[in-house]
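Contents: one structure, followed by commentary.
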Amino acid sequence: MDFRRGRTSKNRLLIEWTYPVWKPPAPNAGADDSNRTVAVIAEHALSIEQAYELITGGDTRPLLVLRECEKCKGTDHALLNRDLDNEQTVLLTHWFRCVKLPPNVLDEQHPFFNLFKPQQDGTRIPHLFLCSHDGSNKMPLPGDQTQAEVWEAMFSVLEREYQGDAKKAVKELRALLSQFDNVDAMERDLKARLDKEVEKNGPESDKAKKYQTEIADLQKDRNKLFAKERQIRTLARKQQQAAGQSAGQKAPVPADAGK
Amino acid sequence: MSKLPLPGPPLCALLLLCGVTSAARAAAQEPTPPPGVTKEDDDVLKAGPKDPFTDGDPKLMAAAGVVRYGPFPWGDHVSTADIDHVLGTGRILWLETEHFRIGCSLRKVALPQDQDKRRYLYDELKRLKKRLPKVDDHPKNLDPWLRLHLFAQRAEEQYADFTKRMGLGAAEFPGGAAPNGKYLGLPDKFLLLLLQKKADLARYLDRFCGVQGDRSYRICLKQTNQMLAAAAVEGMEGMDDQGLQGHVAYSLAHNFLDGYRGFTFELPLWFAEGFAHWYARKVPTDFINVTVKDDEAVDQEKQHQWPQKVRRRVQHDGTWLHATQLFALQQPAALGYQDHMMSWSRVDYLMATGEDKVGLFLQQLKHLPPPPDGGTVSTEQVQQLAQKLLQQLFALDADTFDTRWREWVLKTYVKK
């Protein structure tokens, strides 16, 4: 038996990182600068408010901000566990805006320096942190925390920011992944057979037509699962939306909504 | 310029560390890390900015075809130092050759386990050793500097191969602005950026090119009119060193075609894609530069076996693409697996039956004058000329192209 995740599940088990960069403002378009020198704004540490504005890009979901580190070999090890199953962690990230910043964010001139600036002298610089979209309710994590600690932190943010039951939703989503895997495995097998049959007897053979029908049926099954997935996610989203609206905020959108 | 199709599903696993070498060889491979860099640090940081194969010696550099190391001007008036400033100092190795500027943050990898692939690599290393005597032609692994030198060699070899096959001499490119620039008609060198991390590629593209992307991208830089190919290997399943080599060959072939005499219009899609795949398929890898679409039925285990698959398909009606269908392909993103494979095979046929004529085909297409009203060359004009040239140079109209190509496929491609 093959216990590896199929294509659909794999897509759902990717963290949707955003990689914001600061860009110097473009010179005024259309302005006649031919006889003037133009001052270029040098890179500098943005104020904390500007930094949050830039990394959120208008997204009001809670933030998961991670700084890369050469010791982490460029992977997400500060968030994910090298030895344990990370599916729940990844599924939880879909309710966050995930922001990855470069290792040099600790340089004082880096535009996002203030995001990781220690609050007090001598305090350990976190490797990642969770917070509300405006930077409030910051929960730093050192990077070497246990998986249970990551989950505890993530669930507590979700409890605060969403009204839906994230624990229940994640459990249901994981069950869906297994159903996606079944459909993918059957489809993969049928597609291989169809490919072989078409190459052997052409696309009009009875067998080829039979396989095509079976593949179409599987795609319908998958679409039903997609609808179910949206429902699970929308439940959490709807309740959060209501909370957001009552607070006069823009409604958040899960990273993979509608997929 | 369009974004590349993303590569398909996993085809071969990353290869395990293997091979036995002497301590001396290992020492040549792994220079002492710079002060302050620990064993845990990134491979490129550990390798340090100094090339261990030349030590910066001008004579060794010249023999190796290295013009200079970073920092140097990159493209669009941005220098490698500017890029380092954004992505982090010391995380990218920079090297300039006769026709390329290359940035590379690829980490150390093991040699391929497959014997054919390994032999192919050893041949490359042997050629490299002739120019860079410090190179071990049977190394334990490929470290960042060695990978950079290998990709520099591959890029220059492909450039030389392209100019030779297409019959392009240096006299055609005296220098200056496009279409007379020294680099296939462009005014400045081709750019190749090979990154380990998706994050670095995304930041580079966003900050310096103003585009979003984190896997693979080709673009013509507007200000300095340079062709850039950039890719990140993280997350690309099956992307071992030779998978990446195939991908780079594919990207460079596209950039050579587009850059030749200046990038002012798109070549016929079937020809450009087929030609790029033709270069990529020379590399012994199971990695294919195609995203198989959800509605396509392709056996994942055999999807890289293009000659066999084309051979089986041309035997039935409705399983291969007629020339008229091929000529009508226009949207890169809409190309399916079969479109890519069939385009490759058509170019394979043309190259096998008249490589010099393919050169003439390209030259005459790229000499297409702009319309008198000063506008750009239309897709229809390019398509019409391409079909006229197929007739003139190869005596192929759509029907004869189909017939002769099918006959050739059945005669040439292996059954299994």
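I'm trying to understand the selection: among the residues of the stretch A:14-48, which are modelled with pLDDT of 95 or more, surrounded by fewer than 17 Cβ atoms within 10 Å (Cβ to Cβ) and among the hydrophobic types (A, V, I, L, M, F, W, C)? Answer for the stretch A:14-48, where residues must be modelled with pLDDT of 95 or more, surrounded by fewer than 17 Cβ atoms within 10 Å (Cβ to Cβ) and among the hydrophobic types (A, V, I, L, M, F, W, C): just A:ILE48. If you go through the stretch B:137-173 and keep only what is buried (at least 18 other Cβ atoms within 10 Å of the Cβ), touching a residue at least 60 places away in the same chain (Cβ under 8 Å) and assigned to a loop (DSSP other than H, G, I, E, B), you end up with B:PRO139, B:LYS140, B:ASP143, B:MET166, B:LEU168.
To keep it simple, each residue is scored yes or no on (1) within 14 Å of another protein chain (Cβ to nearest Cβ); (2) among the charged types (D, E, K, R); (3) closer than 16 Å to B:ASP295 by Cβ.
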position	(1), (2), (3)
A:GLU159	no, yes, no
A:LYS171	no, yes, no
A:GLU187	yes, yes, yes
A:TYR211	yes, no, yes
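Looking only at residues of the stretch A:103-125 that are within 14 Å of chain B (Cβ to nearest Cβ) and of a type in the set (D, E, K, R), we find that the one that is surrounded by the fewest Cβ atoms within 10 Å (Cβ to Cβ) is A:GLU108. Taken over the stretch A:77-102, the criterion of being surrounded by fewer than 20 Cβ atoms within 10 Å (Cβ to Cβ) and farther than 25 Å from A:TYR162 by Cα is satisfied by A:HIS77, A:ASN81, A:ARG82, A:ASP83, A:LEU84.
For the criterion of being assigned to a loop (DSSP other than H, G, I, E, B) and either crowded, with 19+ Cβ neighbours inside 10 Å or in contact with a strand residue (DSSP E or B) (Cβ under 6 Å, 6 or more places away or on another chain) (or both), B:ASP188 passes. Within the stretch B:285-312, if we keep just the residues that are within 21 Å of the chain's Cα centre (by Cα) and without any contact (Cβ under 8 Å) to a residue 40 or more places away in the chain, the residue that is surrounded by the fewest Cβ atoms within 10 Å (Cβ to Cβ) turns out to be B:GLN305. Residues in the stretch B:195-205 that are within 18 Å of the chain's Cα centre (by Cα) and either away from chain A (no Cβ under 14 Å) or buried (at least 24 other Cβ atoms within 10 Å of the Cβ) (or both): B:LEU195, B:LEU201.
Taking the criterion of being under 18 Å from B:CYS209 (Cβ atoms) and among the aliphatic types (A, V, I, L, M), the residues of the stretch B:79-107 that qualify are B:ALA81, B:ILE83, B:VAL86, B:LEU87, B:ILE92, B:ILE102. Looking across the stretch B:248-283, the residues that are surrounded by fewer than 24 Cβ atoms within 10 Å (Cβ to Cβ), under 24 Å from B:LEU321 (Cβ atoms) and among the charged types (D, E, K, R) come down to B:ASP258, B:GLU266, B:ARG281, B:LYS282. For the stretch B:200-215, the criterion of being assigned to a strand (DSSP E or B) and either at pLDDT below 95 or closer than 29 Å to B:ASP286 by Cα (or both) is satisfied by no residue at all. Going through (1) within 13 Å of chain B (Cβ to nearest Cβ); (2) at pLDDT 95 or above one by one, A:GLU70 falls short only on (2).
Between B:VAL233, B:VAL248, B:VAL211, the distinction of being under 23 Å from B:PRO112 (Cα atoms), within 14 Å of another protein chain (Cβ to nearest Cβ) and β-branched (Val, Ile, Thr) belongs to B:VAL233 only.
Are there helices (runs of 4 or more DSSP H) fully within the stretch B:263-370 with at least 1 residues that are more than 14 Å from every other protein chain (Cβ to nearest Cβ)? List them.
Values: elements: B:269-280, B:306-313, B:323-327, B:337-366.
Answer list for the stretch B:263-370: B:269-280, B:323-327, B:337-366.
The values are calculated or read from the model by the stated rules, or taken from the named source; none is laboratory data. The structure presented is a predicted model; accordingly, all values stated were derived computationally and were not measured. Heads up, the Cβs are rebuilt from the backbone with ideal geometry, glycines too, and the neighbour counts pull from every protein chain shown.
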